[in-house]
Amino acid sequence: MDTLYLTIDQGGSSTRALVFDGQARVVAKAQQSVPVLYPHPHWVEQHPKTLVDSVIQVIHDVASQLGPKLKQICTAGLATQRSNIVCWDKVTGKALSPAISWQDRRAHQWIKQFEVDNEQVHNATGLLVSAHYGVSKLHWCLNNIDAVKQAYNEGKLAWGPLASYITCCLLPSDQHYVDPANASRTLLWSIASGDWDQQLLTLFGVPRAPLPQCVDTCFTYGNISVANYSIPLSIVTGDQSAALFAHGRPDTHTAYINMGTGAFLQCSTGTTLLDAPNLLSSIVYKDADHSEYVLECTVNGASNALMLMEKELGIPYDEAERKFTGWLEQYKNPPLFLNGVAGLGAPFWVPDFKSQFVQENNNRQHTPGEKIVAVAESILFLLQVNLQRLNEHYVDLKKIVVTGGLSQCDALCQKLANVTQLPVYRPAECEATAKGVAYLLAGFPDDWPKPVTGRDFLPNKDASLATRYDHWLQEMNKQLLHYNR
């Protein structure tokens, strides 16, 4: 009961540190926002120093809250967005590039040439060729940032996932490590061998020397020094991978959906690695004894799609927040929105898909609220396409567990239940990533507390919504014909 676990969740727009006790209760927490930069179309980046400073700040904030109890923290864990990358000088530790976000597609034209190699890439990594993953960003940095080129020529370049850079900055050693979840999102890591894949390095023309050493999710990374106290860092993983373990071992008959900037759908396959064409096979945990896997589907445009539409329509953020639920309940026949924001993800995989409204009713002018509802429904429709494919071919799904910022909207959760005809459960605890890290730090305890509160959304028959989904899928397939020629 006296043991405490420090979890660090470095997310897209903020960094959080939460300290959990052995009963999964939060005893201290701190948060700091971090700015996101959009210097050019399709570019999304952050300042690496700002990210590291935010991590250090929230750690010290929770340490101050704990006081003498700080010494009860036995271990720490870090979760980050998986496909973000940084380049830095391994001698000085100075960042040589921005932290380039998973959303960034600046190198789309370069990576597109490798789509003919999708089968080879999928067999090795479980993923498909996409500019969202790290390899295109690393290649771009080496060819477009002089400081990165110079460091490489001088043998001083280090690069890799954001998690590797943060651990290098937090730990006193000069070791350069990467965990499986983050390594896998570079498109250079073999899911079978657990190491960098030489054939993929050759295929993409990316040097191996600057890459970090591949280790397990659970590993002795080093010690974080806080107020003259050393805390061992023993878990590093991806945010979506951690969220899966928020309430203990994931159930193989449950779809776990985390709806944030993007919407990420995961179905546990336990210790079995399944191959699924046009879906992702991902590793979510690895230690010396076993590995755990999921089938994963990505919807790239979720809250970012809603924010983009709000901006285009001139709707202030606070107004959209206030009216969103009402719009979802009020508008029963919105237009259809084909959602390719940040690139069309699973199971279609069209990175340059053009988002558009279709079948606007009687050519009348739709209100801004109706268009926001159309975008919200497009997120659910994309999830339903993937759920149908999973349920028909791979897993027998009985329910959905939903987390993330968008899941806090009751009306959206009810629509998700209605369109999928599956019961949806939303835990009261929204810090899924941090709580999942705490569970891993605790060593998969059998007595990890299950959520005692939350809300169930039971599916209702909604003929209008079902019809809109069918029409939306028809329109999507029509548009896809233009990209598949």
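The values are calculated or read from the model by the stated rules, or taken from the named source; none is laboratory data. This one's a predicted model, so the numbers in the text were calculated from it and none came from an experiment. Neighbour counts are summed over all protein chains in view; Cβ atoms, including those assigned to glycine, are modelled from backbone coordinates with ideal geometry.
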Quick check on my filter: what residues within the stretch 256-272 are part of a strand (DSSP E or B) and either closer than 25 Å to L306 by Cα or of a type in the set (K, R) (or both)?
Y256, I257, N258, M259, A263, F264, L265, Q266
Taking the condition over 24 Å from G12 (Cα atoms) and surrounded by 15 or more Cβ atoms within 10 Å (Cβ to Cβ), does Q120 pass?
yes
What are the pairs, 6+ residues apart or on separate chains, where a residue within the stretch 433-453 that is closer than 17 Å to T80 by Cβ has its Cβ under 7 Å from a residue that is at pLDDT below 90?
K435/E429
Count, please, the residues in the stretch 397-453 that happen to be in contact with a Ser or Thr (Cβ under 9 Å, 6 or more places away or on another chain) and hydroxyl-bearing (S, T, Y).
3
Check whether at least one residue in the stretch 350-362 is assigned to a helix (DSSP H, G or I) and closer than 17 Å to L412 by Cα, and report yes or no.
no
Residue satisfying all of: in the stretch 302-320; over 21 Å from A346 (Cα atoms) and touching a residue at least 60 places away in the same chain (Cβ under 8 Å); surrounded by the most Cβ atoms within 10 Å (Cβ to Cβ) among these:
M309
Looking for something surrounded by 23 or more Cβ atoms within 10 Å (Cβ to Cβ), assigned by TED's automatic domain parsing to the domain that holds N182 and touching a residue at least 24 places away in the same chain (Cβ under 8 Å) - is there at least one such residue anywhere in the stretch 20-35?
yes
By residue number, the members of the stretch 197-232 that are without any contact (Cβ under 8 Å) to a residue 40 or more places away in the chain, on the phi < 0 side of the Ramachandran plot and out of contact with any helix residue (DSSP H, G or I) (no Cβ under 8 Å at 6 or more places or on another chain) are Q198, L201, T202, Q213, V215, T220, S230
Test: Q46 is farther than 30 Å from S193 by Cβ, touching a residue at least 40 places away in the same chain (Cβ under 8 Å) and touching a Pro at 6+ places or on another chain (Cβ under 8 Å)
yes
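Table: residues versus (1) buried (at least 16 other Cβ atoms within 10 Å of the Cβ); (2) aliphatic (A, V, I, L, M).
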{"residue": "P68", "(1), (2)": "no, no"}
{"residue": "I85", "(1), (2)": "yes, yes"}
{"residue": "L128", "(1), (2)": "yes, yes"}
{"residue": "K137", "(1), (2)": "yes, no"}
{"residue": "W140", "(1), (2)": "yes, no"}
{"residue": "A158", "(1), (2)": "yes, yes"}
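Go over the candidates L416, L422, L440 one by one and state the one that is assigned to a loop (DSSP other than H, G, I, E, B) and at pLDDT 95 or above.
Within the list L416, L422, L440, the selection yields L422.
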Sole residue being among the polar types (S, T, N, Q), modelled with pLDDT of 95 or more, crowded, with 24+ Cβ neighbours inside 10 Å and within 23 Å of L306 (Cα to Cα), chosen from S355, S378:
S378
Is it true that L211 is assigned to a loop (DSSP other than H, G, I, E, B) and buried (at least 21 other Cβ atoms within 10 Å of the Cβ)?
yes
Helices (runs of 4 or more DSSP H) (entirely within the stretch 79-179) containing at least 3 residues that are touching a strand residue (DSSP E or B) at 6+ places or on another chain (Cβ under 6 Å)
134-144, 162-170
How many residues are of a type in the set (G, A, S) and without any contact (Cβ under 8 Å) to a residue 24 or more places away in the chain when one looks only at the stretch 268-282?
1
What number of residues in the stretch 357-388 are within 21 Å of G262 (Cβ to Cβ), touching a residue at least 60 places away in the same chain (Cβ under 8 Å) and more than 21 Å from the chain's Cα centre (by Cα)?
2
Within the stretch 237-255, take every residue that is touching a helix residue (DSSP H, G or I) at 6+ places or on another chain (Cβ under 7 Å) and not in a loop (DSSP other than H, G, I, E, B) and give me the one that is surrounded by the fewest Cβ atoms within 10 Å (Cβ to Cβ).
D239
Can you report the number of residues in the stretch 427-440 which are farther than 11 Å from A79 by Cβ and crowded, with 22+ Cβ neighbours inside 10 Å?
1
From the list D462, D396, D470, which residue is touching a helix residue (DSSP H, G or I) at 6+ places or on another chain (Cβ under 6 Å), farther than 30 Å from V27 by Cα and of a type in the set (D, E, K, R)?
D462
